[in-house]
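Encoded as structure tokens, the structure appears first; notes follow it.
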């Protein structure tokens, strides 16, 4: 992949800069940075999800910096202007193991001259990365904030009952309305081309995708599911449990917002959406999709099972939008996070007026919650 320059400063808030860190666990890492003018500030690391970028943190970085923190948001491995990863479907996936993502994060911290930080914050896919950072290296990652994706703890070793469990994908496909799980779809070879070459174009695909998973879409009214069964999972919206014969661009196109709704959107106006569309048009989606392939393929399950029974013991907090199905998409994980996986979870906030993109939809409330937690 060609190395590009920093993001255009005109797309960033005042006080946020774009630059690169070289030789980070085999990567050239693109970061957004705020609060860098004053040395010695405590560091906060912000980890994004899919299909997002470091740019997703643009609205919370200035308030955190104004409160005295040095704030860093990298484009994660596989995303944006970070390079050093293979763009092909057939590339070696070992670089996308979760513990290697922890190494990436450590490399960023050390390159900035820090030995520890005030907090790591992860949203969506960044949430499990942040969780594993705090579980493996609590001496470095001294507080943890999970957003939109609960962490239920390290995986248990497989047992005979688990091996004999019904195939959830076959069960979804056998429903009267045949369905498939979005993570399984994201792991297939056609997924990247489906999105990159979709007939509506990347910009409109992302517009519909972000709208469908936001509080702007009035169908997002999440609730707890009874269990990991096809019938229960099929109660979720189609961006999670897709119709069997549709790809993701077709799925979200059914919920494309009107021109009036787009014009009224204040949390993601078209000029900001264009940053995502431009970056994904350039890179494709495969880098982000590799993380789904790692998970569904069980690539690092045996490595993670070494930590079975370990808990996260640093102070932690969970934030999600009240309209975010991500809190409940893995039945029981929200409860296990609070009751067992995180022994010092001091706060859980489900923020009204936000769906999955909580730090973009309600940045003031997210910033307030983060600052209260970090100061305490």
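The values are calculated or read from the model by the stated rules, or taken from the named source; none is laboratory data. Every value quoted in this text rests on a predicted model; they were computed, and no experiment measured them. FYI the Cβ positions are ideal-geometry reconstructions off the backbone, even for glycines, and counts take in every protein chain you see.
Numbers below:
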| item | result |
| --- | --- |
| Selection status of residue 66, surrounded by 19 or more Cβ atoms within 10 Å (Cβ to Cβ) and more than 20 Å from the chain's Cα centre (by Cα) | no |
| Out of 309, 284, 298, 353, sole residue that is modelled with pLDDT under 95 and on the phi > 0 side of the Ramachandran plot | 298 |
| Residue within the stretch 138-156 that is under 23 Å from residue 54 (Cα atoms), surrounded by fewer than 17 Cβ atoms within 10 Å (Cβ to Cβ) and touching a helix residue (DSSP H, G or I) at 6+ places or on another chain (Cβ under 6 Å) present | no |
| Residue list for the stretch 106-120, restricted to those being in contact (Cβ under 8 Å) with a residue 24 or more places away in the chain and in a loop (DSSP other than H, G, I, E, B) | 112, 114, 115, 116, 118 |
| Hey, residue 91 within 28 Å of residue 292 (Cβ to Cβ), modelled with pLDDT under 95 and in the same structural domain as residue 361 (by TED's automatic domain parsing) or not | yes |
| From 116, 181, 169, residue being in contact with a strand residue (DSSP E or B) (Cβ under 9 Å, 6 or more places away or on another chain) and crowded, with 19+ Cβ neighbours inside 10 Å | 181 |
| First in the stretch 340-363 and assigned to a helix (DSSP H, G or I), second anywhere and crowded, with 22+ Cβ neighbours inside 10 Å and at pLDDT below 95, Cβ under 9 Å, 6 or more apart | none |
| Residue list for the stretch 184-199, restricted to those being surrounded by 15 or more Cβ atoms within 10 Å (Cβ to Cβ) and under 22 Å from residue 298 (Cβ atoms) | 184, 185, 186, 187, 188, 191, 192 |
| Boolean, residue 175 is surrounded by fewer than 18 Cβ atoms within 10 Å (Cβ to Cβ) and either in contact (Cβ under 8 Å) with a residue 40 or more places away in the chain or on the phi > 0 side of the Ramachandran plot (or both) | yes |
| Subset of the stretch 96-113 that is crowded, with 18+ Cβ neighbours inside 10 Å and in contact with a strand residue (DSSP E or B) (Cβ under 7 Å, 6 or more places away or on another chain) - its residue that is nearest to residue 321 (Cα to Cα) | 105 |
| Single residue of 288, 309 found to be over 20 Å from residue 86 (Cα atoms) and either surrounded by 18 or more Cβ atoms within 10 Å (Cβ to Cβ) or more than 19 Å from the chain's Cα centre (by Cα) (or both) | 309 |
| Only one of 134, 101 that is farther than 18 Å from residue 287 by Cα, touching a residue at least 12 places away in the same chain (Cβ under 8 Å) and assigned to a helix (DSSP H, G or I) | 134 |
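Here is a yes/no grid of residues against (1) in contact with a helix residue (DSSP H, G or I) (Cβ under 9 Å, 6 or more places away or on another chain); (2) surrounded by fewer than 17 Cβ atoms within 10 Å (Cβ to Cβ); (3) modelled with pLDDT under 95; (4) not in a loop (DSSP other than H, G, I, E, B):
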| position | (1), (2), (3), (4) |
| --- | --- |
| 4 | yes, yes, yes, no |
| 10 | no, yes, no, yes |
| 20 | no, no, no, yes |
| 29 | yes, no, no, yes |
| 32 | yes, no, no, yes |
| 40 | no, yes, yes, no |
| 52 | yes, no, no, no |
| 55 | yes, no, no, yes |
